[in-house]
1. Quick check: the angle from helix 220-234's long axis to the longest principal axis of the chain, C-alpha only, nearest 10 degrees?
2. Cα axis of helix 124-139 to longest principal axis of the chain: angle in degrees, 0 to 90, nearest 10?
3. Listing 104, 20 from the residue with the fewest other Cβ atoms within 10 Å to the one with the most, what is the order?
4. In percent, what relative contact order does region 186-279 have, based on Cα pairs under 8 Å that are 6 or more apart in sequence?
5. Fewest to most neighbouring Cβ within 10 Å: what's the order for 96, 66?
6. How big is the gap, in Å, between the Cα center of region 129-190 and the Cα center of region 8-31?
7. Rounded, prolate or oblate: which fits region 186-279, taking a ≥ b ≥ c as square roots of the Cα gyration tensor eigenvalues, rounded meaning a/c under 1.5, else prolate when a/b beats b/c?
8. Take the alpha-carbon centre of region 71-112, take the same for region 196-236, and report the distance between them in whole Å.
């Protein structure tokens, strides 16, 4: 496995791969790799000649109350995870390498952001699309892989690729779950023993709601109310939100008449758990 830290070297390597006809699968990350990232790497490995993983903690994604400096970093661990998953190249640039001068172009996301978690993370997705634009130009991937655990991010990346005509395919990958359905997350270790027994009911609530939609319920208000009642009945967590929106456009609707996302955040004492389910139109 090669490690590249220079933008110029990464771009030169990517161009050589293109000329040789090699297909490239790309997994952009901020490091501290876990099982969710591994599932993305495995998907890319199964479909491409070459797999590139970037590790870059992007300062533009951090708001004023989010500590960029304290974001966990462990390059030695990340290298082992990447090697275990047969990654061909790790791209690990510094902030100075990615942003050598003050940005003259300010990218703003105007749709798909003022809902769900994006509502309280002003500027976050503008930072996401800025760094991804740079990474797409540097790494020249054929396909980029993102986990549906953060389905809002997937929707924003979908808009970026389509609006700016990137010759890149977006491949969403299903959320990695524990045997009882709880979405895997580094936050799960902060759950108490009792909370850990309650947490799987979040996904159960979403599954039951999906069945209601499949069985013909078209009223979003009824669906959201059922999810809230189920979570409140079976957990001691505090619901931050339950939202049902069109997907990937992320707009509100009065009647369910297209593919939707049902998403929720539940706050336990020391852990904020995020989960969602995408329900296609039958």
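1. Roughly 80 degrees between the two axes.
2. Helix 124-139 sits at roughly 40 degrees to that axis.
3. Details: 104 5, 20 9.
Going from least to most buried by this count: 104, 20.
4. Values: 149 pairs, mean separation 28.8, N = 94.
Over region 186-279, the number comes to 31 percent.
5. The most exposed by this proxy come first: 96, 66.
6. The distance from the Cα centre of region 129-190 to that of region 8-31 comes to 17 Å.
7. Details: a/c = 2.48, a/b = 1.93, b/c = 1.28.
The shape class here is prolate.
8. Answer, in whole Å: 36.
Any read-out appearing in this document is the output of simple, stated calculations on the displayed coordinates, not a laboratory observation. Owing to the predicted nature of the structure, the values given are computational and were not obtained by experimental measurement. As a convention, Cβ positions derive from the backbone with ideal geometry for all residues, glycine included, and neighbour counts pool all protein chains shown.
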